[in-house]
Amino acid sequence: MITFDAVTKRYPDGTVAVDDLTLEAPTGEITVFVGPSGCGKTTSLRMINRMIDATEGSILLDGRPVREIDPPTLRRGIGYVIQQAGLFPHKNIVDNIATVPRLLGWDRRKARDRAMQLLERVGLEPGMAERYPFQLSGGQQQRVGVARALAADPPVLLMDEPFSAVDPVVRTSLQDELLRLQAELHKTIVFVTHDIDEAIKLGDRVAVLRVGGRLAQLADPETLLAQPADDFVREFLGHDRGIRRLQFVPTDGLPLRSGLTVPEGYDGDRSEPWLLTVTPDGRPVGWVPGDGKGGPEPFGTFRPGLDSMRAALDAALLSPSGCAVAVDDDGRVLGVATRDDLDAALTGAVDGGRPPARPERGHE
Amino acid sequence: MTWLGDFFGDPANWSGPGGIPMRLLEHLEFSVLALLLAALVAIPLGLLIGHTGRGGLVVVVSANLSRALPTLGLLVMFVLLLGTASIWPVIIPLVLLSVPPILVNTFEGIRGVDPELRDAAYGMGLRGGQVLGRVLVPVALPLILLGLRLSAIQVVATTTVAAYTGLGGLGRFVIDGFATKDYASVVGGSVLIVLFALVVQLGFTLAQRVTVSPGVSRRLKTR
Ligand SMILES: Nc1ncnc2c1ncn2[C@@H]1O[C@H](COP(=O)(O)OP(=O)(O)O)[C@@H](O)[C@H]1O
Ligand SMILES: [Mg+2]
C-alpha cells in the first residue's frame, strides 16, 4: 500500500504543485491520478519513487517512509513507465528489459530468460528481442517499457501517461493488455492520465486532482460517475456521464427470451415483428421480419454477465428490432434481451441510485 | 609526377634519421602523444561538466580561446620559452590545441542526451555513475568520437608545422625541401601528410563502426 500523508510539494520557484495530498493506493489495485494538465499528477507520482522529494508530509510504502530509503534502491523495487517509453537506444530490446534484473545482480542468463518471458507476456514476438528501440513502433516501445518495468517483478508499478502518445486503436489494446496483466499479477499500480475515460476504464480507484494540486474527489469509477463531488469534477467527467455509468451496471440479471430464434432460411409467418435467424451451430445471422419477407438485417451482441448494460444497450441500438442478442464466449446465441426488458433494467439502475456491483471490465 | 618518382624512388629517403619511416614514426609519436594527453584531460572533464551541469563556463572559455589563439604563435612561443632540447615545447601546444574540440563535443554529447532518457535511467534505479557510464556515454559516443577526430586532424596538421621548430615529423620534408629548393621533397612530403591524414580519418571511421551501438547510429535497416 502506498500512503500519501499530508504531502505538499513546493518547487523552488514557489509553484505549489501538490497541496496537502492525503490518500491511499491500496495493494493489488490500480489507483488512477487524473486531472487537467499541470494539476500535479506527475509530481505526485514521482514523489513515490523519489524522483522528486516532497516538501512537507510523507509518503509511505507499506508503512515505511520512502524518505528513509536510498533512492536507487527504492527505485529498483518500483516499476516505472513513462510516456515516451525512455528505452535505452543503444541496447536491444531484450537487454533493455533486463536492465533492472542486471542492476540487482542477476546473472546474465537468468536476466535474459526473464526478459524473453516478459517480451511474450506483453504481447511481443520473440523475434523482436534483438531489435533496437528505433526499429519499433510507438506502441511496441510502450509494451517494452511495461515489460522493462515488470522485469524484476516489483510489487509496485508507477505509470505516467504511458499510453498518451499512441493512436487510439493501439491505446485501447494497450489498456486491455494492462488489465489482463493486472488480473494475473495484482500489482499495486499508480497510473497517471489526463484522460477521464482511461481513468474510468483502468481505475479501481480514481483520484481527481484540480489545478494547484488539490484532491477534488477520490472514489471508485461508478461512484465518481454517479455522485461527482462538485462542479469541477462534474465538468471534468464530461457530458455523457449517464451513458457511461451504464458500463458499471451488470447484465447478469437481464431476462433472456429464447422463443425469438429461428433457423436460417426461415420463411414462416409469425406474429412477432422480428425474429433472429441462426446457423445450425447456433451463431446469429440476422433479424428477419416475422412474415419472413426481407432481411436478414444487422444485429448487435453482448455477453451477459461479462459485458455491461452499456454494451447491451449498444447492441440493441444496432438492430432494427431494438433487441440485443446475448451470446456466449464462442459467439453462440443464448437468447434475446427485448427492448422492454432493457427498459426495465435501466429503470432499476436509475432508481437504485447506487448501481449494483460492477461487472468485469475491459469489454467496452 | 617525376618529383614523386624522384622522392619515393630515392633509396636514401627510406633510411636513416631523415628517412620516410623515421619521419613517419616521429609524426605518429607526436600526434598520438598529444591526442592521448588531450583526451585524458578533455574527456573526463567534458563528461563531468556535461553530467553535473556545473562548470559549463570552462567549456565556453576553452572553445573561444581555441578560436582566438594562433597555432603557429603558440608553437613558437613555447619553443622560445622552453628551447628545443625535448619534444615538450611542441607537445604542450599541440595538447592545448586539441583539448577544446574534444571537451566541447564530449560536453555537448552528454548534455544533448534526451532528458527523458536520462530520467528513465534514474527511474530504473541506476546511480549517477551508472547513468553516465551505461547510458549517457554510449549514446553520446558519436559526438565524443567526432571531437577526437577533429582534434586528431588538427594535431596531424599542426605537427607538420612543428617542423619549423627543428623537430622531426613529416613536415620536415616540406620545410627542408623549400629551404633547399628540393621540390621533389616538398611534393613527396605533402603527399605523405595527406595520406597520413586520410589514414587517421579511416581509423576513426572504423573505430566508430566498432564502438557505436547500431541502435544509436541506426545503421541497421528496419526489418
Ligand atoms: N521543476 C519544476 N519547477 C517548477 N515548477 C514545476 C516543475 N515541475 C512542474 N512544475 C509545475 O508544477 C505544476 C504541476 O506539474 P506536473 O506535476 O507536471 O503536472 P501534470 O503532470 O498534472 O501535468 C505545474 O504548474 C508545473 O508547471
Ligand atoms: Mg504530467
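The values are calculated or read from the model by the stated rules, or taken from the named source; none is laboratory data. What you are looking at is a predicted structure, and each value in this text was computed from that prediction instead of being measured. Don't worry about glycine lacking a Cβ; one is built from the backbone with ideal geometry, like all the others, and counts go over all protein chains shown. Ligands, DNA and RNA are stripped out before the accessible areas are found, and what is left, the full protein with its side chains, is counted by its heavy atoms. Shrake-Rupley method; radii C 1.70, N 1.55, O 1.52, S 1.80 Å.
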* Asked: How much solvent-accessible surface does residue B:211 expose, in Å² to the nearest 10, with a 1.4 Å probe and all protein chains in place?
  -> 80
* region A:261-347: relative contact order as a whole-number percent, Cα under 8 Å and 6+ apart -> 21
* Convex hull volume per residue for region A:2-248, taking Cα atoms only, in Å³ -> 128
* Under the definition of partner shielding as Cβ atoms of other protein chains within 10 Å of a residue Cβ, what is the mean value for peptide A:68-78? -> 3
* Asked: Each residue of region A:217-234 in order: what ³J(HN,Hα) in whole Hz does its phi give by Karplus 6.51 cos²θ - 1.76 cosθ + 1.60, θ = phi - 60°, with x for Gly and Pro?
  -> 7, 10, 7, 6, x, 5, 5, 4, 5, 7, 9, x, 5, 7, 5, 4, 5, 4
* To do: List the DSSP H helices in chain B whose Cα atoms stretch 20 Å or more along the helix axis and whose mean Kyte-Doolittle hydropathy is at least -0.5.
  => B:20-52, B:88-111, B:137-161, B:183-211
* **Choice from B:26, B:116, B:108 with maximal GNM fluctuation in chain B (Cα, 10 Å cutoff)** => B:116
* **Net dipole in debye of region A:256-329 [+1 Lys, Arg Cβ; -1 Asp, Glu Cβ; about Cα centre; nearest 20]** => 180
* the protein assembly as shown - mean residue ellipticity at 222 nm from DSSP helices (-39,500 (n - 2.57) per run, n ≥ 4, rounded to 500) -> -15000 deg cm²/dmol
* Structure fact -> For residue A:33, the residues 5 or more places away or on another chain with a placed amide H closer than 5 Å to its own amide H are A:191, A:192, A:193, A:207
* Asked: So in the protein assembly as shown, what percent of DSSP beta bridges are antiparallel if you round to the nearest 5?
  -> 55
* If each Cα of region B:18-216 is one equal point scatterer, what is log10 of I(q)/I(0) from the Debye formula at q = 0.15 Å⁻¹? -> -0.92
* Mind checking which of A:307, A:19, A:240 has the largest fluctuation in a GNM of chain A, springs on alpha carbons under 10 Å? -> A:240
* To do: Quick one: accessible surface of residue A:68, probe radius 1.4 Å, all protein chains present, in square angstrom to the nearest 10.
  => 120
* Given a 1.4 Å probe and every protein chain left where it sits, what share in percent of the accessible area of region A:139-289 is carbon and sulfur? -> 51
* For region A:82-130 and region B:91-155, write down the distance between their C-alpha centroids in whole Å. => 26
* To do: Take every DSSP beta bridge with both residues inside region A:261-347 and express the antiparallel ones as a percent of the total, to the nearest 5.
  => 65
* For region A:1-135, give the percent of accessible area contributed by carbon and sulfur heavy atoms, probe 1.4 Å, rounded to a whole number. => 46
* Asked: When the dipole is taken about the Cα centre of region A:80-158, and only Lys, Arg (+1) and Asp, Glu (-1) are charged at their Cβ, what size is it in debye, to the nearest 20?
  -> 140
* Would you check the accessible area of residue B:217, probe 1.4 Å, heavy atoms only, in square angstrom rounded to 10? => 50
* **Cβ-based charge dipole, chain A, positive-most Cα from A:151, A:309, A:162** => A:151
* When the Cα centres of region B:1-72 and region A:145-204 are compared, how far apart do they sit, in Å? -> 54
* Structure fact -> So the number of lysine pairs in the protein assembly as shown with alpha-carbon atoms under 26 angstrom apart, 8 or more residues apart or on different chains, is 7
* Separation of alpha-carbon centers, region A:1-69 and region A:279-352, rounded to whole Å -> 46
* Cleavage-rule hits, chymotrypsin sites (Phe, Trp or Tyr not before Pro), region A:45-141, DSSP coil, Cβ neighbours within 10 Å at most 13 -> none
* Structure fact -> Taking Cα pairs closer than 8 Å and at least 6 residues apart, the relative contact order of chain A in percent is 16
* Top of B:139, B:155, B:58 by mean-square fluctuation, Gaussian network on chain B, Cα under 10 Å -> B:58
* Asked: DSSP H helices in chain A with Cα extent of 30 Å or more along the helix axis and mean Kyte-Doolittle hydropathy at least -1.0?
  -> none
* Return, for the Cα atoms of region A:261-347, the radius of gyration and Dmax in Å, separated by a comma. => 12.4, 37
